[in-house]
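A.B. asks: Below you will find the structure I want to go over with you.
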């Protein structure tokens, strides 16, 4: 008799606090969180010049680099993402944004196991290009915020 009262008390307590005695196999999984918006989603006024993933000189996206250079020359907002890999295969990612002819923003993320790791952000005042071996290389000058006044992106 005492056990049945205790069982009745436990069931009553569980139902008053919203607990269910439903078997685990019949419970419903939580709804999935909404997917984040893609990183490539840019406002329409910003030209997305694309990206490149280059390892040891292969995979250079010349069209994307030309797009970015032309946007800079025109003073039009644009973005370019360049991922280079070290000899060991560690990624170094540059995300470049042209805001105007005198405002170029660079976010540099390094996962180099044998060098400095982390993220650095720069605001640079000039962009130059060279084509020593036929493909565009960028040099950014007048940089602030990332510990270097000049950046070269091979």
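A.B. asks: Determine the gain in length on full extension of the stretch residue 42-residue 55; use 0.36 nm per residue of separation and subtract their C-alpha separation, reporting nm with one decimal.
C.D. replies: My answer for the length gained is 2.0 nm.
A.B. asks: Can I ask one more? If you look at just the Cα atoms of segment 38-83, how large are its Rg and its Dmax in Å?
C.D. replies: Just the Cα atoms of segment 38-83 yield Rg and Dmax of 11.2, 34 Å.
A.B. asks: Using the Cα gyration tensor of segment 47-153, with a ≥ b ≥ c the square roots of its eigenvalues, what is the shape: rounded (a/c below 1.5), prolate (a/b larger than b/c) or oblate (neither)?
C.D. replies: Since a/c reaches 1.5 but b/c is at least a/b, the shape of segment 47-153 is classed as oblate.
A.B. asks: OK, next. Once you put a point 7 Å from the Cα of residue 137 and another 7 Å from the Cα of residue 113, both along the Cβ direction, what distance in nm separates them?
C.D. replies: 2.7 nm
A.B. asks: Ok, one more. May I ask you to compute the full-extension gain from residue 62 to residue 100, defined as 0.36 nm times their residue separation minus their alpha-carbon distance, rounded to one decimal in nm?
C.D. replies: Full extension from residue 62 to residue 100 adds 11.5 nm.
Values quoted throughout were computed directly from the atomic coordinates according to the rules given, and no laboratory measurement underlies them. The model shown is predicted, which means the values in this text are computed figures rather than measured ones. Note: ideal-geometry Cβ built from the backbone for every residue, glycine included; neighbour counts use all protein chains shown.
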